[in-house]
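Let me begin by presenting the structure, written as structure tokens, before commenting on it.
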Amino acid sequence: MKNRSLLVIFSGLICLIAYCSLFQRDLTISSNNKEQPFVAKEVLPGSKSSYNLSLKMDKDKKVSVEAKIDITNISEDKWDRLVLYFIPNIFTKESSPSLDHPASVNIKDIKLNGTTSNYSLEKDTLTLPLKTQLSPNHNVNVQINYDFTMPSEGLRFTKVGESLHLAQWYPMVPTYRNGWNKEEYQSRGETYHTPFSDFQLDVEVPPSYTIVSSSEDDDLLNDQGKKIKVKNEKEIFLALLKDTLIFDKTTTINNVNVRVFSDKERADQASEVLETAVKALDYFQKEFGSYTDKEFDVILGGLGMEYPNVVTVGSIYSSKPVDSDSLRRMVVHEIAHQWFYGLVSNDPYNDAWLDEGIAEIATLLYYVNEEEDVTFDFGDQFREELSLPVNLPLNQYQNGNQSSYIYGKASMGLGMLFEKYGGEGTAKKFLKTYVEEYKFKGIDTNEFIRFTKHYFNLENNKDFEGWLNLNEE
């Protein structure tokens, strides 16, 4: 009995020493941060836009749009042209001849400050020459009237049964840094990068459709002809759903109304998707900070993808619908993007690893909390066949393996970093601070490294070698 008592005391001392060691490390980080306060260096967007969008769809599913955009030059350069994303044009017969049921696009007219303008349109790049240069801190008003029909095999911008998913359906203003940051469209990953913007939107569609959008005021949109406002979002998603069922539940934290939209074929999945979405929103709010709106929507069917305040789930690119476990995991991953992409912005073409890799870590943290057999464990080495860094532009990976880098190797590198400095708890504290520092700001790889080195008091780049391309400015 005496030996057993000594063993208990000895074990307690070891635990106390370990606790004090971890506590001291937190004190050291905190102390150093007080001595040298960290100031985030935002990657500036270079352009600022305000959108006024009006969409009408007739009974034959022909969509007409009037887009008015106020664009301000907040870069240091003078502009001689505007370059916009016009992604619906990617899915026309001319741009995608392999599609069996392509889109059609017709631009009726374009005006700059009320005067008809010349333009060129090549694939998804819409270029508008300026008659006089636009100096810094000056703005221009663009008005574009066009109509389109939807493709059946589009990517995000597509028909799903009788419903329409309208991702990137309007002319989108890119960021500007040493020129317009407009990259060539790719069928894998996201090739568009837009700054936080304000939107006004009104939608008129046949009454048999339910309107779902990035707004928290969809009830007003469904009251035909009423205009709603969306503030400080990277883009605005719109879905027109036919014969949809709605399931809803409120989160415990901040009373967010979570809605799941499903057709009859997927109705048996809707309840478990709803439960997962509510749990994930509550968990991420607890760990990373409040969700910023009063409503969050999940649309069952279509490609797994995140948008501000709404996600679509069901399949991965051209695959068949995923199984039940994969579907729930997809829901959690896409919800994580509401913080890591929706709040902290990065270029998904040149720095895709930042939102995808971190969203993977956040997803794992959720499952560690939910399931006993899931652990925060990453090992200590990368797969030999993945020899490239994770922060290359998308076009520098082979089309079939980019996900292995920006999801897999990126989350592995992050996980190994967090394990080295404390594990699961360290990861949660780090990501919470990361969101606080960069909320509604842009970040790139160099700034992430600068933040991480400060957070962990790192004197060199050793922890980033083998997975990040270190081109420090």
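Read-outs throughout are calculated quantities, based only on the coordinates presented, and are distinct from any laboratory measurement. Model, not experiment: these values are computed from the prediction. Quick reminder, even Gly has a Cβ in these numbers, built from the backbone with ideal geometry, and neighbours come from all protein chains shown.
Structure summary
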{"read-out": "Net +/- balance of residues flanking Asp263 in space, Cβ distance below 11 Å, scoring K and R +1, D and E -1", "value": "0"}
{"read-out": "Interchain or long-range residues, amide H under 5 Å from Arg81's placed H", "value": "Leu130"}
{"read-out": "D (Stokes-Einstein, µm²/s), Kirkwood Cα radius, segment 245-338, 1.002 mPa s at 20 °C", "value": "165 µm²/s"}
{"read-out": "Placed amide H near Ser47: partners under 5 Å, 5+ positions off or other chain", "value": "Ile74, Tyr176"}
{"read-out": "Cα gyration tensor shape of segment 29-173, rounded if a/c is under 1.5, else prolate or oblate by comparing a/b with b/c", "value": "oblate"}
{"read-out": "Acute angle (nearest 10 degrees) that the helix 410-420 long axis makes with the longest principal axis of the chain, alpha-carbon atoms", "value": "20 degrees"}
{"read-out": "Inter-label distance, nm, simple model (7 Å from Cα along the C-beta direction), Asp325/Lys68", "value": "5.4 nm"}
{"read-out": "Among His333, Val63, Gln396 the positive-end extreme of the charge dipole of the chain (Cβ point charges)", "value": "Val63"}
{"read-out": "Structure-based [θ]222 nm, the chain - -39500 (n - 2.57) summed over DSSP H runs of at least 4, per residue, nearest 500", "value": "-9000 deg cm²/dmol"}
{"read-out": "Neighbour-count ranking [beta-carbon atoms within 10 angstrom, fewest first] of Leu354, Leu281", "value": "Leu281, Leu354"}
{"read-out": "Point-to-point label distance, Glu272-Asp380, nm (Cα→Cβ direction, 7 Å offset)", "value": "3.9 nm"}
{"read-out": "Prolate/oblate/rounded label for segment 343-473 (Cα gyration tensor, a/c 1.5)", "value": "rounded"}
{"read-out": "Prolate/oblate/rounded call for segment 112-161, Cα gyration tensor, a/c under 1.5 rounded", "value": "prolate"}
{"read-out": "Residues His138 and Lys226, FRET efficiency given R0 of 30 Å [Cβ-Cβ distance, rounded to 0.05]", "value": "0.35"}
{"read-out": "Beta bridges per DSSP with both ends in the chain, % antiparallel, nearest 5", "value": "75 percent"}
{"read-out": "Principal-axis tilt of helix 324-336 within the chain, Cα atoms, nearest 10 degrees", "value": "80 degrees"}
{"read-out": "Relative contact order for segment 352-464, counting Cα pairs under 8 Å that sit 6 or more residues apart, in percent", "value": "32 percent"}
{"read-out": "Relative contact order, percent, the chain [alpha-carbon distance under 8 Å, six or more residues apart]", "value": "13 percent"}
{"read-out": "Between helix 352-370 and the chain: long-axis angle, C-alpha atoms, 0 to 90°, nearest 10", "value": "50 degrees"}
{"read-out": "Relative contact order for segment 245-338, counting Cα pairs under 8 Å that sit 6 or more residues apart, in percent", "value": "25 percent"}
